Structures are given as structure tokens and as C-alpha cells.
């Protein structure tokens with residue numbers, strides 16, 4: 001039998017400021033729990049989340065963009081995730097998604113991607129050094145994370161310096177909740193036009209870059225539908241990893257800002273930086289939930305979940321599961337890296353995040369550059385939280401930096 005869940009109020013301020021006490025309460029009640037308010041099954045524990053991730057059979061994957069759209073509908077007053085505006089999954093959705101994942105995954109592991117890292121590492125070092133020497137408070141998100149990540153992904157997409165304003169407006173729009181609808185429409189049209197033209201160019205004149213690889217490896221038989229797939233991949237892989245990297249860095253930096261002893265350890269032992277990155281991804285994941293649609297009745301723990309149900313896998317909760325990590329609620333940069341890396345921030349199994357390796361590498365460069373340039377740091381004002389709980393992080397993180 002499933003344990004009845006208290007309604008999960010998506011408008012509760014504490015779910016944005018600090019959701020972890022709520023998660024602990026859900027885990028204490030046992031296995032998957034049905035939420036009447038949201039008409040979903042909440043899966044807060046590590047073992048059950050991993051069970052669902054590991055069994056892709058009879059599950060349709062719903063990533064964060066889909067869940068965030070549903071979250072917005074419920075916050076506007078919908079009584080169920082089955083809102084009329086929710087797009088229906090097309091026939092053959094999982095097959096199409098799997099084909100796209102294969103091509104996108106290979107495109108992210110080409111030699112071209114390897115050529116981006118020296119420039120990104122240099123950008124991180126130069127930006128960190130400039131901020132450390134500037135004096136006065138800086139914003140670790142707006143002044144550091146956003147510009148270096150924008151540069152990395154612009155390089156991935158082959159965006160020229162002249163095209164950078166269009167690309168920057170597109171990725172920045174993902175953080176602007178109050179952006180005027182007309183402006184949002186114009187930004188989306190501009191980036192679609194840019195990427196569509198780039199896809200056509202790569203078909204006409206093949207090139208060994210990211211979009212060139214996508215263009216040369218059809219995901220659909222029809223040329224028009226193939227170009228639509230390339231465009232969709234470009235839009236997704238420019239926006240979603242941007243937010244993932246920026247928000248993941250923001251939660252990691254926030255953990256270190258509020259625990260100066262942990263930052264001091266990194267200054268003493270820079271070899272701990274990869275451990276700190278992994279611990280940050282576990283301790284305060286930017287991905288707080290992922291979704292699965294159940295095609296046939298399923299048993300998860302002691303719960304029998306009916307066909308057609310939506311599972312909300314609460315990975316932010318699973319990553320604090322006390323049965324998996326000693327002192328799970330403690331941020332510890334000395335935690336054994338292999339242990340911390342069992343977190344579910346990138347999902348798990350066949351449908352895990354394609355950009356996981358790239359994200360880990362980028363975050364390591366970003367943190368290492370700051371540790372090298374900054375002797376000490378401290379909060380310089382209140383952090384501004386990303387205003388939802390499905391995706392967690394900070395859109396502003398003021399800090400005082402002191403050079404060595």
C-alpha cells in the first residue's frame with residue numbers, strides 16, 4: 001500500500017528557498033506516494049528512483065522542460081498534470097527520442113568538442129582573475145558563470161562574434177521569468193532563423209563541427225523533418241545545458257560561500273576540486289525532479305502505480321537519502337568521489353543526461369579557475385533563487401573576493 005502524501009504546494013516559498021526539510025518528510029513516509037493535489041506519484045527515495053531509471057521498459061521519459069511546463073500549469077491553478085495545454089506525446093515518441101539521443105550523444109563526443117576545452121579553460125582563468133582583481137562585490141552568476149558558459153556553448157554551436165548577441169539573448173531568456181511575451185517571441189524567432197540557416201549551410205557544405213555532425217547523420221528520412229530535428233537539437237542543447245551548468249555552478253558556489261572551511265580545504269588541496277564538483281551535484285542538484293509516464297501498471301516498492309500515471313522522480317530528495325550517504329545533509333568536499341558520483345542529478349541508466357561528462361568537465365574548469373584566483377570569498381548580499389523548485393539554483397550570487 002502506498003502512503004498518502006500531504007499535498008505538495010508548488011507555490012510554497014520554502015520549496016524554492018530550502019526544499020530539503022520537505023523532502024526529508026516525504027522520505028520518512030516510505031515509498032512512492034500519491035499526491036492528490038498534483039495527481040502524480042512522488043518518488044522521493046534513492047532506491048526507488050534508481051529502480052525506475054534502471055527499468056526503461058514501459059516508461060516514457062519526460063525531462064525537465066516538460067515537467068517545468070506542467071509545473072507552471074498547476075501553479076496557474078490546474079488541478080491535475082493532465083492539463084488541456086499539455087502536448088500529447090507523439091506516436092513512436094520513445095523510438096524517435098532514442099534515435100535522437102544516439103546522434104546527439106555522438107555529436108557531443110567528437111574531436112571537435114575536445115578542441116573547445118583549452119579556450120574555455122583560458123576564459124575561466126582570465127575571467128576569474130579579472131573579477132578577483134576588480135575590488136568590490138561581484139555576482140558569481142552574472143559576472144562569471146553566465147559569460148563563460150555562453151562562450152563555451154556559442155563555440156559548440158559555431159556562433160560567430162557577430163551572431164553572439166542573438167545567441168546571448170536566447171540563452172538569457174531562459175532566466176527571465178518576466179520577459180515581455182513579444183520580446184520572447186522575437187528572441188525565439190531570431191535564434192531559430194540563425195540555427196536553421198546554419199543547418200542548411202552544413203547540409204550544403206559539410207563541416208566537422210557539432211551542427212555539421214548532426215546535419216550529416218539524419219535522424220529522420222525526410223530532409224525537411226531531418227532539418228527540423230537538427231534545429232530542435234540545437235535549440236535544446238544550447239538552452240538546457242546552459243541552465244544546467246550555470247545553476248549547478250551557482251549551487252556549488254553557494255555551498256562553498258556559506259562554508260568557508262570547505263573553500264579553505266580546496267585552496268590547500270586543489271586536487272579536491274573534482275570531488276567538490278561531484279559533491280555539489282549531489283548535495284544541491286540543479287535538477288530536482290525528472291518524470292516518467294507509466295504505460296502499464298507497475299509495482300514500485302509497495303506501491304502499485306496504475307497505467308497512465310506520471311511518476312515524479314524527486315532526484316533532489318534522492319541525493320540527500322540518508323540510507324545512501326553518511327551525513328547526507330552535509331556538504332563535504334572530502335567525500336569520496338566515487339561515492340558522491342552515485343547521485344542522480346544526471347538521471348541514471350539508458351536515459352541519463354547526454355551532457356553529463358561535458359558538464360562535469362566544465363564545472364571543474366570553472367571552480368578550479370576561481371580557487372586559483374581567489375584566496376577567500378564571502379557572501380556580499382542575498383542570493384536570488386531561480387523561482388521554481390523543479391530546477392534549482394541562483395540567478396544572482398553576490399560575493400566579496402580576495403586575491404592571494
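Bear in mind that the values in this text are calculations on the coordinates, not laboratory data. What you see is a predicted model; the values in this text were computed from it and never measured. Positions of Cβ are generated from backbone atoms using ideal geometry, with glycine treated the same way; all protein chains shown enter the neighbour counts.
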Inter-part distance where region 284-361 and region 189-224 are each reduced to a Cα centre, Å: 33 Å
How would you order 237-244, 67-74 from highest to lowest mean count of nearby Cβ atoms within 10 Å? 237-244, 67-74
Shape verdict for region 342-390, please, from the Cα gyration tensor: rounded (a/c under 1.5), prolate (a/b greater than b/c) or oblate. oblate
Within the chain, the percent of DSSP beta bridges that are antiparallel, given to the nearest 5, stands at 85 percent
Where a ≥ b ≥ c are the square roots of the eigenvalues of the C-alpha gyration tensor, would you call region 318-371 rounded, which needs a/c under 1.5, or, failing that, prolate if a/b is larger than b/c, or oblate? oblate
With runs of 4+ DSSP H residues as the only contributors, calculate the mean residue ellipticity of the chain at 222 nm using -39,500 (n - 2.57) per run, divided by the residue total and rounded to the nearest 500. -15500 deg cm²/dmol
Between residue 223 and residue 68, what is 0.36 nm times their sequence separation minus the Cα-Cα distance? Round to one decimal in nm. 52.7 nm
Which FRET efficiency value, to the nearest 0.05, is calculated for residue 172 and residue 207 with the Förster distance at 41 angstrom and r the Cβ-Cβ distance? 0.90
Taking 7 Å along the Cα-to-C-beta vector as the label spot, tell me the residue 12-residue 24 distance in nanometres, rounded to one decimal. 1.4 nm
With a ≥ b ≥ c taken as the square roots of the eigenvalues of the C-alpha gyration tensor of region 13-402, please select rounded if a/c is under 1.5 and otherwise prolate if a/b is larger than b/c or oblate if it is not? oblate
What nm value, rounded to one decimal, do you get for the distance between residue 55 and residue 122 when each label is placed 7 Å out toward the C-beta? 5.2 nm
Report relative contact order for region 125-229 in percent, whole number only (criteria: Cα-Cα under 8 Å, sequence separation at least 6). 18 percent
Simple spin-label model, 7 Å along Cα-to-Cβ: residue 338 to residue 400 in nm? 4.2 nm
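From Cα pairs below 8 angstrom and at least 6 apart in sequence, can you work out the relative contact order of the chain, rounded to a whole percent?
27 percent
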